[in-house]
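Colleague: Handing you this structure, nothing more for now.
The values are calculated or read from the model by the stated rules, or taken from the named source; none is laboratory data. The shown structure was predicted, so the numbers you read here are calculated from the model rather than taken from an experiment. Because the Cβ atoms are built from the backbone with ideal geometry, glycine has one as well, and the counts that use them run over all protein chains shown. Keep in mind that these areas ignore ligands, DNA and RNA; they rest on the heavy atoms of the full protein, side chains included. Shrake-Rupley method; radii C 1.70, N 1.55, O 1.52, S 1.80 Å.
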Amino acid sequence: MLIGLTGTPGTGKTSVSKLLEKRRGWKVIYLNDLIKEEHLYTEVDEKRDAVVADMELIQSRLGEIIDEMEKGSINGIVILESHLAHYIADIVIVLRAYPPELKKRLEKRGYSEEKINENAEAEAIDLILAEAFEWCKKVYEVNTTGRTTEETAEDVEKIIDNLLAGKEEELQEYVPGSLNWIDSVP
């Protein structure tokens, strides 16, 4: 089962994925690293300090990787970690963070003010969540604001465990729509 772990940069995707990999033995594909390492992009956007992903190349390469990983993973779980995961996975967990807190996290990473504001605004308008609804069959939402990586990972584990057990009715607290941060960005 492929589970996308997506969200605006700074919401905790990588930290949570590393913890789940260690704690549960689930296989994780760090999509942004794969894109850069295997040159799965069409160009480099110098102004935004980013690459433009080639989604066709990515889909093709991921098909090969996921088939192999599912065979060796625990419960057949493969986590696709990236702010692009919702374009690929049918089931996604969107990590969210209150935009002022997100700004602080991105400042610590040394992001430019322009990139910080762009990401905080995207979070405030629920951009990735809205895209996930367009592209995915199942969407869940986890608020990472003021929470530790361990606490967030426990929520992600609960979602995945309940999906595996066919107990989606147990996931009402993760149904999107409870977070509204539109007023948090001037």
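Colleague: Taking a ≥ b ≥ c as the square roots of the eigenvalues of the Cα gyration tensor of segment 1-77, is the shape rounded (a/c under 1.5), prolate (a/b larger than b/c) or oblate?
Modeller: Details: a/c = 2.83, a/b = 1.43, b/c = 1.98.
Since a/c reaches 1.5 but b/c is at least a/b, the shape of segment 1-77 is classed as oblate.
Colleague: Name all residues of segment 89-130 having a backbone nitrogen under 20 Å from the label point set 7 Å from the Cα of Asn162 along its Cα→Cβ direction, giving them as ranges.
Modeller: 90-97, 129-130
Colleague: Related question: What size of dipole, in debye to the nearest 20, comes out for the chain about its Cα centre when the only charges are +1 on Lys and Arg C-beta atoms and -1 on Asp and Glu C-beta atoms?
Modeller: On the way: 23 positive and 38 negative charges, 115 e Å.
Here the chain has a charge dipole of around 560 debye.
Colleague: If we sort 92-98, 40-46 on the protection proxy, mean other Cβ atoms within 10 Å, highest first, what's the order? Please list the in-between numbers first.
Modeller: Values: 92-98: 25.9, 40-46: 12.6.
Highest-to-lowest ranking by the protection proxy: 92-98, 40-46.
Colleague: Note the full-extension length gain between Lys71 and Val51 as 0.36 nm times their separation in residues minus their Cα-Cα distance, in nm to one decimal.
Modeller: Values: separation 20, 0.36 × 20 = 7.20 nm, distance 3.07 nm.
Stretched fully, the Lys71-Val51 segment lengthens by 4.1 nm.
Colleague: Given the pairs Lys13/Lys103; Lys13/Lys36; Lys108/Lys158; Lys22/Lys158, which span a C-alpha to C-alpha distance of over 20 angstrom in this model?
Modeller: Values: Lys13/Lys103 16 Å; Lys13/Lys36 18 Å; Lys108/Lys158 29 Å; Lys22/Lys158 16 Å.
Exceeds cut-off: Lys108/Lys158.
Colleague: Okay, moving on. Mind running the shape call on the chain? Use the C-alpha gyration tensor, a ≥ b ≥ c as the square roots of the eigenvalues: rounded below 1.5 for a/c, prolate if a/b tops b/c, oblate otherwise. Display every interim value, and only then the final one.
Modeller: Working: a/c = 1.67, a/b = 1.12, b/c = 1.50.
Since a/c reaches 1.5 but b/c is at least a/b, the shape of the chain is classed as oblate.
Colleague: Shape call for segment 36-125 from the C-alpha gyration tensor, a ≥ b ≥ c root eigenvalues: rounded (a/c under 1.5), prolate (a/b greater than b/c) or oblate? Kindly include the intermediate steps, with their values, before the conclusion.
Modeller: Numbers: a/c = 2.59, a/b = 1.52, b/c = 1.70.
Judged from the Cα gyration tensor, segment 36-125 comes out oblate (a/c at least 1.5, b/c at or above a/b).
Colleague: Ignoring ligands, DNA and RNA, what percent of the 1.4 Å accessible area of the chain is carbon and sulfur?
Modeller: Values: 4600 of 9790 Å².
Percent of accessible area from carbon and sulfur atoms in the chain: 47.
Colleague: Considering only DSSP beta bridges with both partners in the chain, what is the antiparallel share in %, to the nearest 5?
Modeller: Working: 4 of 23 bridges.
Beta bridges within the chain, antiparallel portion: roughly 15 percent.
Colleague: Work out which helices of the chain, taken as complete DSSP H runs, extend at least 27 Å along their axis over the Cα atoms and score a mean Kyte-Doolittle of 0.5 or more, then list them.
Modeller: Values: long enough: none.
Long hydrophobic helices here: none detected.
Colleague: Excluding ligands, DNA and RNA, what is the solvent-accessible area per residue of the chain at a probe of 1.4 Å, expressed in Å²?
Modeller: Values: 9790 Å² over 186 residues.
That works out to 53 Å² per residue.
Colleague: What FRET efficiency comes out for the pair Glu38/Asp183, r = Cβ-Cβ distance, R0 = 45 Å, nearest 0.05?
Modeller: Between Glu38 and Asp183 the formula returns 0.65.
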